[in-house]
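One structure is given here, and the rest of the page talks about it.
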Amino acid sequence: MTAKNLEADLVVIGGGGAGLAAASAAAENGCKSVIVLEKAGSATGSTGMAHDVFGAESPVQKRLGIDASKDELFKAAMEWAHWTKINPRIVRAFIDKSGETIGWLENMGLSFEMIQYYPNQVPLVRHSVKGHGHALMKALRENCLKRGVQILTRTPGKKLLRDKDGKISGVIAESGEGEIAIAAKSVIITTGGYGNNKEMLKKYCSNYHDTMTYDGPPSNTGDGIIMATEIGAATAGMGACNIHGPFLKPRSDSHTMKMDAPGPDGSPIRITLWFLAWEPETLWVNKRGERFIDEGYNLAFFAFGNAVALQPDGITYTLFDTGILRTIEKQGLIRPGAASRANWLPVSAATPLPGLEREMKKQADKGDLIIADSWDGIAAWMGADAAVLKATIDEYNASCDDRHDSLFAKDRRYLLPMRTPPFYAVKAHLGLCDAYGGIKINEHMEALDANDNPIPGLYAAGSTAGCWETESYCYRLTGHLVGFALNSGRIAGEKAVRYLAKF
C-alpha cells in the first residue's frame, strides 16, 4: 500500500559523504528538486566516522608548498593496483577533482591540516579535518538544507523504476507510514558498501572470516547494489574488504588502561590493549605458533590486514616479555608516531607510560590476554604446539642477538629478545571497515549494464560503486576512501544535472 506520492528531479538513495556531496553538487548546479533517502536515523554514513580526506594539488597543499602532483599520484595509484581490476579513467577523474573538492569544503567553513599517515610520507595528501567526520558531515548537511535539498531519514529506497524506454523514472521507498512512490528522472545510488551483510561477505570476499569485527555503520548492507542489479546494472570489483588489524575483539574500551603519565589536558593517559597488539617491538604469531610478518612493516594502519587474513581463522597473537613491556613503559608507544598529530589517538608516540606493567596485570583475566611464567604456558593457552612456539621464539631471539632478522628482515631497531618472564600474549583478530566494489560505473559515475551501456538517469558513487579500488587499501593515497566518496558524489551530482537538462 502506498502511503503517499512525491515528485523530484533527482533522488539520491543514501546519505553519507557521497550522498550529501552528490545532493549538494546537484543543487549548486541548478537542480531545483532533490530528495535524499536515508535508511538510518542520521545521514552521516561512514564519512561521519572519518578523520581525513585525500586531495591532490589542493589549496591547502599549495599554501604549504607541498608538491602533490595529480599525475604522480595517479601513477602511484595505478602502480599499486598493477593496472588491474580498476578503471584508470575513474581513478583519474577522482584524483583530478580532489584538490578542488578540498577548496569546496573550505568554502563551507571547514579547515584542514596536513599530516602523515606513515613515517616520512611524501607527498602529504592526508587532509585532516578539524572536527573530523562529524564536522564534515554537518557542513555537507547544512549546505544541502541551505540549497533546498530534502533529506528523509529512516526512509530506505527499496526499488528502482524504469519507463518503457529503459530510462529511470523513479524510486519506491519505505517509511514508518508505508510505501512512498517518488517520480524522478534521475537517481544516484550512494548506499555504501556491504560490510554489514555477512551473506554478501561470504559470497564475494575470499579473505573474510567470521572472527572479523565490523566497525562501520550498521546501514551498510549492500542495498543499493541489490537494487541496481535487479534492474540490469552490472557489478565490478566485488570482494575487496577494507580490513585492518591485528586488534582485540571487540575494538572498544573494554580493555582500557589508565596510565600514571599525564595527557595533554593533565589527566592520566588512557590507552587500550589493542595498541600493544600492534607495536613493532613485539612478535606476532598465528594459531600454530608461527611467525608470519615483519611486525615493523610500514607502520601504517591498514598495512597488515591482508597478512592477518591469511592466517587460520584470521586470528593472531602478539607476544612480548617483561623486558619489552618495561621498555614500552619507559619510552612509550612507537606506532602512533606513524599518524603524526592524529588527534583521534588517545596517546601520542614516545609518551612514557608509567604504571603500564601494573595495569597489564589487571587485564589478564579478561579473555584476550594471558601472562605466564613460561612459553609452554602461553602455547597451551593459544592451543599451539609448544615445540613449534618454542622454535619460533628461539629463532626470533637468535635474530635479535645477531641484530639481523634473516626471515623477514625486520628493522633492527625493533629487534628486542624475549627472555624475561613473565611472558605476555594478546589474542587479536581483524577489523573490517567496509566491503567495497559494487555497481559498475564509468568515469562519469553512470551505472552500466552488462554490455557497458549507461542506464539512462542512473548513477552510483562512493563504496556502492566498483572499479576504483583494488583488493588492498592504497594508503599512499591516504584518505582516498572518503575522498572518493566526496569526489565521485560531486561528479555524479554534476553529471545528473546535465542529464536532466535534456528534458
>> Taking the alpha-carbon distance from LYS366 and a cut-off under 27 Å, which lysines remain once sequence neighbours fewer than 8 residues away in the same chain are dropped?
In response: LYS249, LYS258, LYS287, LYS330, LYS390, LYS427
>> Could you sort the peptides 462-469, 277-284, 119-126 by per-residue average Cβ neighbour count (10 Å cutoff), highest mean leading?
In response: 462-469, 277-284, 119-126
>> For the chain, what does the relative contact order come out to in percent, with C-alpha contacts under 8 Å and a separation of six or more?
In response: 25 percent
>> Please compare each pair in LYS32/LYS167; LYS158/LYS185; LYS4/LYS440; LYS362/LYS410; LYS62/LYS146; LYS4/LYS185 to a cut-off of 25 Å on the Cα-Cα distance and tell me which ones are over it.
In response: LYS4/LYS440; LYS362/LYS410; LYS62/LYS146
>> Placing unit charges on C-beta atoms (Lys and Arg positive, Asp and Glu negative, everything else neutral), compute the dipole magnitude of the chain about its Cα centre in debye, rounded to 20.
In response: 1020 debye
> Over region 116-239, what is the mean sequence separation of C-alpha contacts under 8 Å (at least six apart), divided by residue count, expressed as relative contact order in percent?
Replying inline: 16 percent
> To the nearest 0.05, how large is the calculated FRET efficiency for SER406 and LYS366 if R₀ is 30 Å and r is the Cβ-Cβ distance?
Replying inline: 0.25
> How large is ³J(HN,Hα), in whole Hz, for each residue of region 308-316 in order, when computed from phi with the Karplus curve 6.51 cos²θ - 1.76 cosθ + 1.60 and θ = phi - 60°, using x for Gly and Pro?
Replying inline: 5, 5, 6, 7, x, 6, x, 10, 9
> When Rg/Rh (Cα atoms, Kirkwood Rh) is calculated directly from the model, which label among (i) 1.02; (ii) 0.96; (iii) 1.18 fits?
Replying inline: (i)
>> Amide H of ASP434 versus every other amide H placed in the peptide plane: which residues, excluding those fewer than 5 positions away on the same chain, fall under 5 Å?
In response: ASN242
>> Between 0 and 90 degrees, rounded to the nearest ten: what's the tilt of helix 70-81 against the longest Cα principal axis of the chain?
In response: 70 degrees
> Mind listing the phi-derived Karplus ³J(HN,Hα) values for region 224-240, rounded to whole Hz, using 6.51, -1.76 and 1.60 with θ = phi - 60°, and x for any glycine or proline?
Replying inline: x, 4, 5, 4, 5, 5, 5, 10, x, 6, 8, 10, 7, x, 5, x, 8
> Helix 88-106: angle to the longest alpha-carbon principal axis of the chain, degrees 0 to 90, nearest 10?
Replying inline: 90 degrees
> Which of the peptides 267-274, 157-164 is most tightly packed, and how do the rest follow, judged by the mean count of other Cβ atoms within 10 Å per residue?
Replying inline: 267-274, 157-164
> Using a ≥ b ≥ c from the Cα gyration tensor of region 67-121 (square roots of the eigenvalues), is it rounded, prolate or oblate, where a/c under 1.5 gives rounded and otherwise the larger of a/b and b/c decides, a/b for prolate?
Replying inline: oblate
>> On C-alpha positions alone, give me the angle between the axis of helix 480-500 and the longest principal axis of the chain, in degrees, nearest 10.
In response: 10 degrees
> Just going by the charge dipole of the chain, with Lys and Arg at +1 and Asp and Glu at -1 on Cβ, which of GLN311, ALA26, CYS467 is farthest out on the positive end?
Replying inline: ALA26
> Once you charge only the Cβ atoms, +1 for Lys and Arg and -1 for Asp and Glu, what is the size of the charge dipole of region 246-431 about its Cα centre, to the nearest 20 debye?
Replying inline: 440 debye
> Along the charge dipole of the chain, which of THR420, ILE324, ASN242 sits closest to the positive end, that is, farthest toward it, with unit charges on the beta carbon of Lys, Arg, Asp and Glu (+1, +1, -1, -1)?
Replying inline: ASN242
> Amide H to amide H, which residues 5 or more places from TYR118 or on other chains are under 5 Å from it, using H placed in the peptide plane?
Replying inline: none
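Throughout, read-outs are computed from the coordinates displayed, never taken from laboratory work. Source: prediction; values computed, not measured. For neighbour counting, all protein chains shown are included, and Cβ atoms are generated from backbone atoms with ideal geometry for every residue, glycine included.
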